[in-house]
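Notes follow once the structure below has been shown.
The values are calculated or read from the model by the stated rules, or taken from the named source; none is laboratory data. What you see is a predicted model, and the numbers here were worked out from it, not measured in a lab. Here the Cβ positions follow ideal geometry from the backbone for every residue, glycine too, while neighbour counts run over all protein chains shown.
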């Protein structure tokens with residue numbers, strides 16, 4: 001049985017990668033509010049223009065909150081090697097991102113880490129994919 | 001219900017000061033041996049374009065066929081630093097003294113709050129318009145036939161069909177997201193004259209805008225077999241004090257088996273919900289905000 005994990009808030013270097021999307025995030029999300037979410041996947045929407053991940057996150061007070069995390073487009077995720085079936089319901093995920101400005105349980109995702117250690121850039125990146133081969 | 005066991009879920013709010021996404025520039029490296037900074041690229045590419053003898057189609061035109069990736073994105077076509085979801089990048093404007101868009105004073109005031117007031121047209125999955133079609137996300141493909149250039153964009157399945165035999169524009173009463181394009185060949189350069197904009201598109205996510213009086217003259221020229229120099233001269237007297245020019249580039253995507261994928265942009269687009277939740281309104285042009293300009 002796993003134990004409730006405690007994460008010490010401290011200096012953490014957030015995963016940084018080029019994030020370029022078809023819309024601006026700054027009106028909706030807050031660059032001063034990075035967040036790391038850990039929990040079980042309840043739903044993955046492999047949809048355009050941006051995919052969405054929903055995870056149940058248990059807060060330190062025991063309350064479970066379902067978070068919605070905006071991801072890159074399905075084609076961007078696909079070209080990074082991700083597939084829709086990489087996201088079965090119940091997967092344990094660790095997601096980094098930025099919180100929405102309005103305080104809702106919504107974030108703009110930048111990375112996703114799977115229980116097997118695989119780590120992918122999650123954001124909307126149209127620049128890296130565009131690198132000519 | 002079992003008590004919180006197994007659990008694991010921990011919300012970690014990092015009290016970090018502003019963390020910007022990246023220090024990387026969006027365009028790295030070179031294209032055709034020229035630096036990827038628009039003004040430097042332009043200066044460097046011009047003599048190469050004149051000297052280059054491009055591969056040709058069976059009807060003798062420079063062969064632009066293939067998959068292409070833009071060298072610069074449309075986050076902000078003026079010089080900008082890193083931000084949330086934005087990488088630092090240079091100005092694409094090459095011919096104004098400060099390399100900024102020469103807005104009229106009232107238009108400049110409007111621009112300052114544009115992106116904070118309105119939902120970016122591209123976020124709502126609308127066609128990008130011109131010249132943003134050449135700067136918008138994901139891969140590009142050019143298909144060339146005698147008499148037509150078809151410029152496909154993966155994003156939102158946007159496309160342009162550009163007749164290369166010239167001809168008159170459609171009547172001014174016709175207003176189009178992508179404008180009305182009339183192409184012609186000027187030596188090795190495809191020149192495209194674009195009018196009839198509906199005034200509802202932006203150049204980028206930063207709210208840089210035009211009105212329905214937009215007139216764009218685009219120039220596509222091969223610098224070498226794998227690089228297109230792209231130039232757009234822009235006029236819009238309702239919004240700018242003078243014509244201005246932006247320069248970008250396309251680099252050939254040579255990945256074997258590469259293809260454009262379906263990107264049905266509007267699948268319950270939650271980005272719009274989010275933008276609305278943040279108080280942004282649908283963009284309906286600049287009518288009423290700029291003394292009658294749409």
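Within region A:47-59, can one find any residue that is over 29 Å from residue B:139 (Cβ atoms), facing another protein chain (nearest Cβ under 7 Å), modelled with pLDDT under 70 and part of a loop (DSSP other than H, G, I, E, B)? No, region A:47-59 has no match at all. Residues in region B:247-283 that are more than 7 Å from every other protein chain (Cβ to nearest Cβ) and under 19 Å from the mean Cα position of the chain (by Cα) were compared, and the one that is farthest from residue B:31 (Cα to Cα) is B:283. Selection within region B:118-157: residues that are within 12 Å of chain A (Cβ to nearest Cβ) and in a strand (DSSP E or B). The member of this set that is surrounded by the fewest Cβ atoms within 10 Å (Cβ to Cβ) is B:118.
Here region A:69-81 is the region considered, the condition is being more than 8 Å from chain B (Cβ to nearest Cβ) and closer than 16 Å to residue A:96 by Cβ, and the residue that is modelled with the highest pLDDT is A:69. From the list B:170, B:191, B:223, the lone residue that is part of a loop (DSSP other than H, G, I, E, B) and touching a strand residue (DSSP E or B) at 6+ places or on another chain (Cβ under 8 Å) is B:170. Scan region B:202-216 and give yes if some residue there is surrounded by fewer than 22 Cβ atoms within 10 Å (Cβ to Cβ) and either without any contact (Cβ under 8 Å) to a residue 40 or more places away in the chain or over 21 Å from residue B:285 (Cβ atoms) (or both), otherwise no. Yes, that holds for at least one residue.
Residues checked against (1) at pLDDT below 95; (2) farther than 26 Å from residue B:154 by Cα; (3) assigned to a loop (DSSP other than H, G, I, E, B):
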residue	(1), (2), (3)
B:78	no, no, yes
B:91	no, no, yes
B:101	no, yes, yes
B:108	no, yes, no
